Amino acid sequence: MAAKTAGQTGINPAVGCVIVKDGRIVGLGAHLKRGEGHAEPHALAMAGDEARGATAYVTLEPCSHYGRTPPCSDRLIAAGIARVVVAELDPNPLVAGSGMAKLQTAGIETKTGVMEAEARRRSEPFRKFITTRLPYVTLKTASTLDGRIAAASGDSRWVTGPEAREAVHAMRHRHMGILVGIGTVLADDPSLTTRLSVPGLHPARIVADSSLRLPLDAKLVQDGAAPTIVLTSEAADEGRAAVLRAAGVEVIRCGSGSSVDLREAMRRLGELELGSILLEGGGRLNGSMLEAGLVDRICLFLAPKIIGGEDAPSSFRFAGFERMADAIELDDVEVERYGRDICISGKPAAKGGIG
Ligand code: AOF
Ligand code: ZN
């Protein structure tokens with residue numbers, strides 16, 4: 001239930017709830033939208049009187065706070081639920097164990113940590129945002145086996161096949177913002193919208209553009225498909241900023257230098273409640289974000305091709321390290337296949353020296 005709603009709950013977690021009575025499912029629910037009902041009340045509404053004496057299975061600890069809706073723990077207690085099984089505790093400091101405590105005080109039998117690893121994987125972006133107010137950043141690249149994102153001529157249509165590209169659109173649907181460097185916009189004039197074989201949600205489009213080179217006739221400015229935000233520097237021309245604002249673009253100055261202060265940029269995007277960002281390059285921005293330690297997960301789509309070319313652009317452009325021992329390593333590595341392509345993903349290991 002939670003997996004199906006990933007991407008549509010904003011900065012709220014995707015949560016699923018199933019109510020079981022005498023071996024039969026009597027209620028199903030998911031949190032569908034921030035500001036609307038949580039998973040448990042939906043499932044309780046379906047269960048009706050059958051909830052009395054039943055077991056509720058929830059992917060997240062039921063809440064104990066009055067937020068946009070009343071506490072789910074109170075609702076479970078009032079419905080006469082006998083047992084609550086949850087996958088993980090709510091990392092929200094407003095809840096953090098107090099939901100379980102409330103249920104226990106009311107005499108409900110509880111169990112925590114069932115399929116916890118799966119649940120934590122799903123709630124990782126929520127966990128990061130609710131505890132730091134910084135967006136969870138997923139870096140995605142699509143390259144040849146030799147790490148090139150285009151030929152030396154600039155041609156990049158297409159590196160990976162249709163299955164991998166569909167997976168990327170599904171990733172866009174699951175993130176609240178999509179971030180690219182101005183070089184990518186100037187080279188490709190992308191629309192950065194979600195185009196799936198079924199309808200999806202469009203993330204806000206964010207461009208790192210320290211000297212405000214974003215052209216007024218760019219699709220990102222003209223198409224109105226989703227909000228467009230430009231991250232720029234203090235040094236950028238105010239007249240140009242005014243022109244972009246008049247065209248409907250939000251311009252945010254990050255840091256006091258002549259380039260975009262990426263850490264400050266993430267803080268500002270967090271203030272706008274953009275809780276998850278898909279970073280789609282190019283190589284320089286990828287390199288800078290990685291070096292600054294601002295990337296939470298990397299997804300590298302690799303096509304079984306070799307393009308070569310001394311000047312062909314690559315997925316990561318940064319000074320790099322002198323010694324292999326200093327390389328950025330990935331933890332929690334996963335490998336998936338999409339048609340002829342593969343995706344290697346993992347979390348950049350935190351290290352001293354970076355950032
Ligand atoms: C639950 N069940 O289905 C969800 C929970 O903005 P509000 O008022 O909806 O509250 C959001 C917080 O509630 C969120 O940060 C998280 O702590 C919890 N989410 N809790 O019992 C749910 N979505
Ligand atoms: Zn709740």
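The values are calculated or read from the model by the stated rules, or taken from the named source; none is laboratory data. Quick caveat: nothing in here was measured; it's all calculated off a predicted structure. Reconstructed Cβ throughout: ideal geometry from the backbone, glycine too, with neighbour counts over all protein chains shown. Just the protein is used for accessible areas: all its heavy atoms, side chains included, with ligands, DNA and RNA removed. Shrake-Rupley method; radii C 1.70, N 1.55, O 1.52, S 1.80 Å.
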Exercise for the section: Could you look through segment 22-34, keep only residues that are of a type outside the set (A, V, I, L, M, F, W, C) and open to solvent by less than 40 Å² (accessible area, probe 1.4 Å), and pick out the one that is farthest from the chain's Cα centre (by Cα)? Expected result: Gly27
Fill in the blank from the handout: Over segment 331-348, the set of residues in contact with a Leu (Cβ under 6 Å, 6 or more places away or on another chain) and over 16 Å from Asp296 (Cα atoms) is Ile342
Handout entry: Residue within segment 287-303 that is of a type in the set (S, T, N, Q) and buried (at least 18 other Cβ atoms within 10 Å of the Cβ) present
Key = yes
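Residue-by-condition table, conditions (1) surrounded by fewer than 16 Cβ atoms within 10 Å (Cβ to Cβ); (2) touching a helix residue (DSSP H, G or I) at 6+ places or on another chain (Cβ under 6 Å):
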position	(1), (2)
Ala208	no, yes
Val221	no, no
Ala247	yes, yes
Val251	no, yes
Val260	no, no
Ala265	no, no
Handout entry: Glu40 at pLDDT 95 or above, open to solvent by less than 40 Å² (accessible area, probe 1.4 Å), of a type in the set (D, E, K, R) and out of contact with any Gly (no Cβ under 6 Å at 6 or more places or on another chain)
Key = yes
Handout entry: Per-region count, segment 181-193, residues surrounded by 17 or more Cβ atoms within 10 Å (Cβ to Cβ) and under 22 Å from Ser315 (Cβ atoms)
Key = 7
Handout entry: Subset of segment 67-98 that is surrounded by fewer than 17 Cβ atoms within 10 Å (Cβ to Cβ) and near ligand 2 (Cβ under 9 Å from one of its atoms) - its residue that is modelled with the highest pLDDT
Key = Pro70
Problem - Single residue of Phe316, Phe321 found to be in the same structural domain as Gly154 (by TED's automatic domain parsing), closer than 29 Å to Leu269 by Cβ, over 24 Å from the mean Cα position of the chain (by Cα) and open to solvent by 40 Å² or more (accessible area, probe 1.4 Å) - result: Phe321
Handout entry: Tabulated pairs, segment 115-143, first under 28 Å from Ala303 (Cα atoms), second surrounded by fewer than 14 Cβ atoms within 10 Å (Cβ to Cβ), C-beta under 8 angstrom, 6+ apart or interchain
Key = Arg122/Ala3
Exercise for the section: State whether one or more residues within segment 59-67 are in contact with a His (Cβ under 9 Å, 6 or more places away or on another chain), of a type in the set (A, V, I, L, M, F, W, C) and either over 30 Å from Ala167 (Cβ atoms) or away from ligand 1 (no atom under 11 Å from the Cβ) (or both). Expected result: yes
Practice task
Test Asp74 against the criterion of being more than 9 Å from ligand 1 (Cβ to nearest atom) and free of Cβ contacts under 8 Å to residues at least 24 places away in the same chain, and give yes or no.
Solution key: no
Completion exercise
Within segment 310-339, the residues that are in contact with a strand residue (DSSP E or B) (Cβ under 7 Å, 6 or more places away or on another chain) and assigned to a loop (DSSP other than H, G, I, E, B) are Ala312, Pro313, Ser315, Ile328
Exercise for the section: Inspect all residues belonging to segment 152-165 and state whether any of them is open to solvent by 20 Å² or more (accessible area, probe 1.4 Å), more than 29 Å from Glu336 (Cα to Cα) and not basic (Lys, Arg). Expected result: yes
